[in-house]
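Coordinate-derived values only; no laboratory data. These numbers were taken from a predicted model, which means no experiment stands behind them. A quick note on method: Cβ atoms are made from the backbone with ideal geometry, for glycine too, and the neighbour counts reach across all protein chains shown.
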Amino acid sequence: MPAPVTSPEPAQAQAQSQTQVVPLQPLEYKSRSGLLDDACTADGRVKPEWEYVLGSLRDLGADVLQEREQKARRILRDDGATFNIYSGEGGPSSTWELDPVPYIIGSEDWARIEQGLLERSELFNLMLRDLYGPRTLVRHGLLPPEALFSHGGFLRACQGIQLPGEHELIMHAVDMVRRADGSMCVLSDRTQAPSGAGYVLENRTVMSRVFPSLYRDSHVHRIASFYQRLRLKLISLSPADEPPLIVLLTPGGHNETYFEHTYLASYLGFPLVQAGDLIVRNGFLWMKSMDGLKRVDVMLRRVDDTYCDPVELRSDSRLGVPGLLEVVRAGRVVVANPLGSGVLENPVLLKYLPQISKSLLGREPRLHSVKTYWCGDDEDLKFITANIRELIVKPAYRSTGITSVWGGDLSDTQITQLLATLHSKRYQYVAQVRLEKPHIPAFARGTLEPRPSLLRTFSVATDSSYKILPGGLTRIGVDTNSKVISMQSGCPSKDTWVTATEPERSSSVDSAPDSTRHSAETPLLSLPSRVVENLYWMGRYAERAEASLRLLRTVFVLLHGEEPITPTARKILLQTISDTTMTLPGFAAASKQVLADPDKELLRIIGDGSLAGSVKSTLNRMLSAADESKELLSTDTMRVINDLRDAMVALDLALASGLTSAPEEALDPLVTALTALSGLMHESMIRGIGWCFMELGKRIERALQIISTVRCLVTPVTDDVDQSTLLTALLVSMEVLITYRRRGRQRQGIELGLELVLLDNSNPRSLLFQLQQLQHHLAALPKAELKHGELAEEDRALLEAMTSLRLSRLPQLLDCDTPVREDMEQLLLRLESLLEEFNRIISDKHFDHRTDVQQQVTSFWSEQ
Amino acid sequence: MRFRIKHVTQYNYAARVTRCYNLANVIPRDTARQHCLSNRITLSPLPATTHKRSDYFGNKAFHFEIQKPHTELVITAVSEVQMSNKDHELNLDLGISYKEALEYLRTTNRPDVMEAREFVLSSPMIEPSDALTEYARPSFAGNRSLKSCVADLTSRIFKEFKYDPQFSTIATPLADVLLHKKGVCQDFAHLEVGCLRAMGIPAKYVSGYIETLPKPGQPKLVGADATHAWIAFFCPEEGWVEFDPTNDSLAGSQHIVTAFGRDYFDVTPLRGVIFGGGVSPALRVSVDVSRVVDA
């Protein structure tokens, strides 16, 4: 078992988990005077809806809660739940933070909030329809023209696009806080591509596992039906008669919420695609899959609309599909949320919402929004100028890269600068009063302490109305007094429980929608070719890393072994490492001193992430490939991948002080994790096309590693002592020493060794075995028809490699009077080039290679 | 008066283009003074799909997708346009004053005014600047009629700027045009639009064609055999009035409109994404405007 020495969690979380021996008080929650509290009344008594949960937690005690928190953390980690992964070169991924105390909302209270949200989503839907349709709100003066027309989210190209059904706005998220009077107040709306609903599902899954009885007895409103509704709504949007193909479009693995994209895609059963997986052809949108193009009917997008089509929207976007907007206009694909929906995130709308609502719904909204002042309004600008230190200033358009500022934090000079900006770009800024965020209990430092909180709710359109997810995503500040709550700054999240006040009372709410699920099966998932390509590379890199590690381990043992080895053998061994890891020149060009003291270069080959071919760099590439194909990997596999990440961190620490005694020990956890990975792939992955490609990658890589290792160790002719050292290196790194010794009772020597490594098809690490496996997997791939029984190119390359190998005679290859075994060298070089050829053909045939994209713009006038 | 316009755009690429997606603005729209009788677009190579539609500004957008590998792309648009026979007779001294116009725009809650206010705002290629305000100000006096203010601005641009096709590219910033006092019709249109917006007057960029047959006794108009550009401004209670700063005139029966927009960005004759194509494709544009004898 690889023991995780450190876990890749933010420093703050570590500080919590490595609890200083705190004298354990009973787990009582006490509100602090002067702080708005949502769990306690003004006189400090726990509110009725919180009593049951807080009581149960008190009974559990801090020790148990601590243990449950650890358990939750482990589950999150095993599920690969991350926020902002890969900050730079293989940097740490940040585990999703979940506080073990749920945020409690009583069901009567929730019913009021839900009514307000239903109304708000309907209102925003009507606004969206109007803004891209008749624009009566502007024409009749309910919304100043400047508020709409100067907003970056208003996409003129999207004028007139309409979705089938009653609703344009499919997903709507609302950030809100509770005020002192108990009512909720909205801070902002998310309508672009709202994130968080996937994290809610993950939080709920973890909480219900970690607190099974507390969860059960609290009669928490279920959330699963929300996702069913989302799925049904997306299905109903399909323009096609047959079962629709629905895809989830992600910007890719570097997006901060990528985990959620993979999680939702697999939960909803939709392929997760990136722009490169899609193509517009003949007026339709298609997904490039291994078995050809598949027509896409509906797209749930997590890419901002302005990036979705470089032809008509942002021309510099690489995250979009050229021509998409035209397919959308023709109604041949439906995108949700519709392109252009980001216009509703404009905070200026909050200022005019009451009058807009009166006009569209006949009444002011029940759910209030935070008081918002717009610099574009003369009166407001005067007010803002006079009160800037008491206000939060926000850009009207979120994607401008400008963040909000709190006037109170600014110096006089900064205030002057800010005011100048507000006056010169009046339409682009709003100011809002800062609402006090209500405090709720969070588990930290062995006790329950108040933390400010923020709730994000989610609505999804249904046939006739909206369905609100009961609860939502609660986020809390990093400490009691934090002013800013944002995921970017590492704030923890909470599960949100809407509970019946009396735990005994059974809740029948919300079970209906599930039963109405009709037979709406999506077609069998076919994989985007990108995913398959990544599996192939995952196979290759995993194998490459493993081979490098085995070789390094072997060389370490020999260099530090009991029997001294000659400088010649030492040189060959070290050069073999540079050669097979492809980190040349390395030891091949090294001086005598470096060869005598190789630690520095060896450290580089192991741990230098910027050196292509180093173990670390290979593993990082393997992990990126794994991220891209995450949706095909089982939970167990994700767990092993996490172990690998841990082992990498541990290795860094172990190597920090240089190569100390028995450095091979430090590599063991990595080898073990890689072996476990390869075992899991073999035992628990469906034998589909994905598996096939992963195997192809693995076998090609292993074959190339064998060839390279044999070539380096065996082609030089050396004296008997060195020959024996090098043969041992070969046998140990190829894992056949024991077999060799057993069979060696009859025979001995290099010939037997080579036979085992190259030609023995009962050895799963022999070259012949790899080639046979390649032939086997190749046969399973989809193929174009060939005429006259001709062999396909890849078959041809493989067959030639196989035949050359089988026709070779070992005594002849070994026997020679030159310093290098020429025949063997020739054979191995030929095999290597055939395998490289094979690799090239497979990539060309099955993987997508994007040609250069460029913008076409005519100049305006003709030169005469 | 009836015109036949043939507008050919030809690209030659250094390398093969495997496919492309394009949006062309080459079909004359209908306006108060013109009606597009017919329009035919032919493409080489043949497109996989084409689609004509009316865009946000009411212009005729033409989309096409080509899936055939090619090294040459030719778009030929042939249109027949009926122009109203009478040239606009405009008495510049009549009508609302500049000061009244500003007040009207600010306070009048009418749909056409609300919509016009979009065109006071900055747009992708035209940002407000002090230099623009400074340049425009001498033409605007509170008591002067708005039309005569704009006519004066138009004349000043015509007189003070040199037509120089060598000087500018599509990316020439307005500041450079203003600094060097040089440019082509597109720059002058951008400049005048920028000036008008700086003075609070809604202004549109107009792309189109101009008939260049010299009338007896009149000089040949600049911009022959090319696409042309001019401006339109919103005159309260009258609507949009077009001026041509490149020719110091009102846009009349020889000015055939293709499209209105906030600036060139909205009405680019051809934009799109191509796959492949190599470096620096060669572009040739030819425009031919001829009179058709009324039946």
Checklist entry - Considering only Cα-Cα distances, which of the following residue pairs are longer than 27 Å: A:425/B:159; A:30/A:494; A:382/B:147; A:30/A:371? => result A:425/B:159; A:382/B:147; A:30/A:371
Checklist entry - For the peptides B:195-205, A:441-451, B:62-72, A:385-395, what is the packing order when you average, over each peptide's residues, the other Cβ atoms within 10 Å and list the highest mean first? => result B:195-205, A:441-451, B:62-72, A:385-395
Item to check | Average other protein chain Cβ within 10 Å of Cβ, residues B:12-25 | outcome: 3
Next on the checklist: Give me, ordered by chain and number, the residues 5 or more places off residue A:103 or on other chains with an amide H under 5 Å from its own placed amide H.
Outcome noted: A:495, A:496, A:497
Checklist outcome for this item: Where a ≥ b ≥ c are root eigenvalues of the Cα gyration tensor, a/c under 1.5 meaning rounded, otherwise prolate if a/b exceeds b/c and oblate otherwise, region A:277-348 counts as prolate
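When Lys and Arg each count +1 and Asp and Glu each count -1, what net charge do the other residues less than 14 Å away from residue A:420, Cβ to Cβ, add up to?
Numbers: positive: A:425, A:426; negative: A:412, B:130.
Result for the neighbourhood of residue A:420: 0.
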Checklist entry - Could you state the number of Å between the C-alpha centres of region A:92-111 and region B:105-152? => result 53
Item to check | Alpha carbon centroid spacing (whole Å) that separates region A:205-249 from region A:382-414 | outcome: 39
Checklist outcome for this item: Longest principal axis of chain A (C-alpha) makes with the long axis of helix A:635-656 (C-alpha) an angle, in degrees to the nearest 10, of 70
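Report the local net charge at residue A:686: Lys and Arg +1, Asp and Glu -1, summed over other residues whose C-beta lies under 14 Å from its C-beta. Intermediate values should be presented prior to the final figure.
Working: positive: A:687; negative: A:631, A:636, A:683, A:695.
Summing Lys and Arg as +1 and Asp and Glu as -1 gives -3.
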Next on the checklist: I need A:636, A:43, B:55 ordered by Cβ neighbour count within 10 Å, fewest first.
Outcome noted: A:43, A:636, B:55
Item to check | Spin-label model distance (nm) - residue B:133 vs residue A:216, 7 Å beyond Cα toward Cβ | outcome: 7.2
Next on the checklist: Suppose only helical runs count, i.e. DSSP H with n ≥ 4. What mean residue ellipticity at 222 nm does that imply for the protein assembly as shown under -39500 (n - 2.57) per run, divided by all residues and rounded to the nearest 500 deg cm²/dmol?
Outcome noted: -12500 deg cm²/dmol
Checklist outcome for this item: FRET efficiency for residue B:248 and residue A:486 from the Cβ-Cβ distance with R0 = 41 Å, rounded to 0.05, comes out at 0.15
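Ranking request for peptides A:606-613, A:220-227: highest mean number of other beta-carbon atoms within 10 Å first, then the rest in descending order. Walk me through the numbers before you get to the answer.
Details: A:606-613: 16.6, A:220-227: 20.2.
Result, highest mean Cβ count within 10 Å first: A:220-227, A:606-613.
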Item to check | Cα long-axis angle, helix A:412-424 against chain A (0 to 90 degrees, to the nearest 10) | outcome: 80
Next on the checklist: Can you sort A:172, A:151 from fewest to most other Cβ atoms within 10 Å of each residue's own Cβ?
Outcome noted: A:151, A:172
Checklist entry - Where Lys and Arg each count +1 and Asp and Glu each count -1, what net charge lies around residue A:800 among other residues with Cβ under 15 Å from its Cβ? => result -3
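For the pair residue A:254 and residue A:281, what calculated FRET efficiency results from E = 1/(1 + (r/R0)^6), where r is the Cβ-Cβ distance and R0 = 30 Å, to the nearest 0.05? Present the calculation step by step, with values, prior to reporting the outcome.
Numbers: r = 28 Å, r/R0 = 0.92.
Once rounded, the FRET efficiency stands at 0.60.
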Checklist outcome for this item: For peptide B:63-69, the mean count of other chain Cβ atoms within 10 Å per residue Cβ is 3
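Under the definition of partner shielding as Cβ atoms of other protein chains within 10 Å of a residue Cβ, what is the mean value for peptide A:322-329? Please list the in-between numbers first.
On the way: counts 9, 11, 1, 3, 9, 2, 0, 3.
The per-residue average across the peptide is 5.
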Item to check | Straight-distance crosslink candidates among lysines, where the alpha carbon sits under 23 Å from residue A:783 and sequence neighbours closer than 8 are dropped | outcome: A:288, A:294, A:698, A:845
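Determine, for A:657, A:548, the number of other Cβ atoms within 10 Å of each Cβ, and report the residues in order from fewest to most. Mind dumping the intermediate values first?
Values: A:657 7, A:548 26.
Exposure proxy ranking, most exposed first: A:657, A:548.
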Checklist outcome for this item: So for region A:375-433, using the alpha carbon gyration tensor with a ≥ b ≥ c as root eigenvalues (a/c under 1.5 gives rounded; past that, a/b versus b/c decides prolate or oblate), I'd call it rounded
Next on the checklist: I'd like the orientation of helix B:98-107 relative to chain B: the angle between its Cα long axis and the longest Cα principal axis, in ° from 0 to 90, rounded to 10.
Outcome noted: 70
Item to check | Three-way shape label, chain A, alpha-carbon gyration tensor, a/c 1.5 | outcome: prolate
Checklist entry - How many nm separate the modelled label positions at residue A:445 and residue B:10, each set 7 Å beyond the Cα in the direction of the Cβ? => result 7.9
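Sort A:258-264, A:134-140, A:464-470 for me by packing, meaning the mean count of neighbouring Cβ atoms within 10 Å per residue, highest on top. Don't skip to the end; give the middle numbers.
Details: A:258-264: 24.4, A:134-140: 17.7, A:464-470: 20.7.
Highest mean packing first, the order is A:258-264, A:464-470, A:134-140.
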Checklist entry - If one computes the Cα centroid of region A:713-756 and of region A:303-321, what distance in Å separates the two points? => result 59
